[in-house]
1. Averaging sequence separations of C-alpha pairs under 8 Å and six or more residues apart, then dividing by the length of region C:32-112, give the relative contact order as a whole percent.
2. With a 1.4 Å probe, how much accessible area is buried between chains C and B, both sides summed, in Å² to the nearest hundred?
3. Give the shape of region B:116-207 as rounded, prolate or oblate, defined through the alpha-carbon gyration tensor: a ≥ b ≥ c are the square roots of its eigenvalues, a/c under 1.5 means rounded, and otherwise the shape is prolate if a/b is larger than b/c and oblate if not.
4. Just the number please: accessible area per residue for region C:32-112, 1.4 Å probe, all protein chains included, in Å².
5. Determine the percent antiparallel among the DSSP beta bridges restricted to the protein assembly as shown, to the nearest 5.
6. Return the average number of partner chain Cβ atoms within 10 angstrom of each residue Cβ along peptide C:47-55.
7. Which FRET efficiency, nearest 0.05, do residue A:115 and residue A:72 yield, Cβ-Cβ r, R0 35 Å?
8. Counting only DSSP beta bridges with both residues in chain B, what percent are antiparallel, rounded to the nearest 5?
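The values are calculated or read from the model by the stated rules, or taken from the named source; none is laboratory data. For clarity, every value in this text was computed on a predicted model and none was experimentally measured. All Cβ positions, even for glycine, are placed from backbone atoms using ideal geometry, and neighbour counts span all protein chains on display. For the accessible areas, the whole protein counts, side chains as well, though only heavy atoms, and no ligand, DNA or RNA atoms are used. Shrake-Rupley method; radii C 1.70, N 1.55, O 1.52, S 1.80 Å.
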Amino acid sequence: MTRALPQVTPPPFAPPCPVGTPCLAPGDVVRVLPGGGGPGHVRTPWYLRGAVGRIERICGDFPNPEELAYGRDGRPARTLYRVRFAMAELWGARAERPEDTLDAEIFEPWLEPVHAS
Amino acid sequence: MPHDHHDHGHDPGGLSPSGHPYRKDQDHALTHWQRMEIAIRELLVERGLTTPVEIAAQVARMDARSPALGAQVVARAWSDPDYRARLLADGSGACREEGIEVDALKLVAVENTPDTHNVVVCTLCSCYPRMLLGLPPDWYKSRAYRSRTVREPRAVLREFGLDLPDRVAVRVHDSTADMRYIVLPARPEGTEGWSRAALADLVSRDCMIGVAVPRTP
Amino acid sequence: MRTDDPETGRRWHDMGGDAAGPAPGPDHDFALWEKRVDALVQIAQAKGVFTVDGLRRALEDMGPDAFETMTYYERWVAALAQNLIEHGVVTVAELDARMAQVAARGETYGDAQGAAE
């Protein structure tokens, strides 16, 4: 299946938080997990669920907001990435301009690598 | 301009330290939520969690945050290519270089170019680089902006008066987690040799959110 | 979207991609009580009582009606109270009693605001 994939030129960027052992690297093609639509505090927006994009940069390791929201410490910290999506991927024929892009921060557990088909 | 917070039952009048008129709340009927704020404030002071001086200082601290700080950073980036590179690599560090204390802000600067225009939104709530730009405008927190900017940014930008040609790509940033964003606008033509103060004057809050571009002289 | 979606579980606040009205709108500065709400939220977070994630989660759980009918800082003070109660800083009874006392002081915020400094 052809997906619309954006260009990414990973910028020189110093992650503001330490990075442990990231599983993903800038340029990698990833899919956002669909998720079950369950309750709780989740920072992966619905409109990105199942979308395929490219890692734009590593932001660092941060405590899990899904746990922090309930007063727990959110450890172990997880790697946060900025992921770039083509608007055509997100909105299909309704995209204003298919090559426009959207960048969002997504935590590693919400991403899976997509291997070239 | 300093303001005396000791008024009781009077309209504070004048301007708040952020340079805007105070909303006239002092003379309206006390609301349930205002009662809650007063009650919480007093209980937290009594519990020793905070003090009236600390609360007033924090109010003053936020009042001192305004887009002028962001404009100062933009103007320096325009004037100094090495600083611009440092801003893009480490936004918070670059702000601190300018003497702006940004606390835990994790700032990502995204740069407009002749072929790319950036715009920032927080679809899930209202994340915003407050310590750099001050409090966000109401429209940034609205359903309309949060819903539509990720799907039809060009239509939204046109509503703000910014009509981008098709050769310019739009890049939307959804502030979903720990990073906060500032758009580094493109330096307008005809500003060669300008002082940093004059350059900063061209940079509005809306330019640094991405719904506007700087005035051309 | 005016409710959590009963079919998918998508939360009401997760609104990226929805249709909506015009985006620009009027701006206004904040009243002193609102600035104090903001200050109390920042101070409580700085003292480690709760995190911004807890605030957001409380705001989300207030539901879409609160978003439509309450102002930004009205929702923030409610979410602040929720977090303080959850973390045992104040009890419901204490807050209730103090609010009644505050109400008895007078008709306006100016009368009731207590000793500012």
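1. Values: 37 pairs, mean separation 21.9, N = 81.
Result for region C:32-112 is 27 percent.
2. On the way: alone 8470 and 12800 Å², together 15020 Å².
The summed interface area works out to 6300 Å².
3. Working: a/c = 2.11, a/b = 1.34, b/c = 1.57.
Oblate.
4. For region C:32-112, the solvent-accessible area averages 38 Å² per residue.
5. On the way: 23 of 38 bridges.
That works out to approximately 60 percent antiparallel.
6. Values: counts 4, 0, 3, 4, 10, 6, 13, 6, 2.
Across C:47-55, the average partner-chain Cβ count within 10 Å equals 5.
7. Details: r = 34 Å, r/R0 = 0.98.
E between residue A:115 and residue A:72, to the nearest 0.05, is 0.50.
8. Percent antiparallel among DSSP bridges in chain B is about 15.
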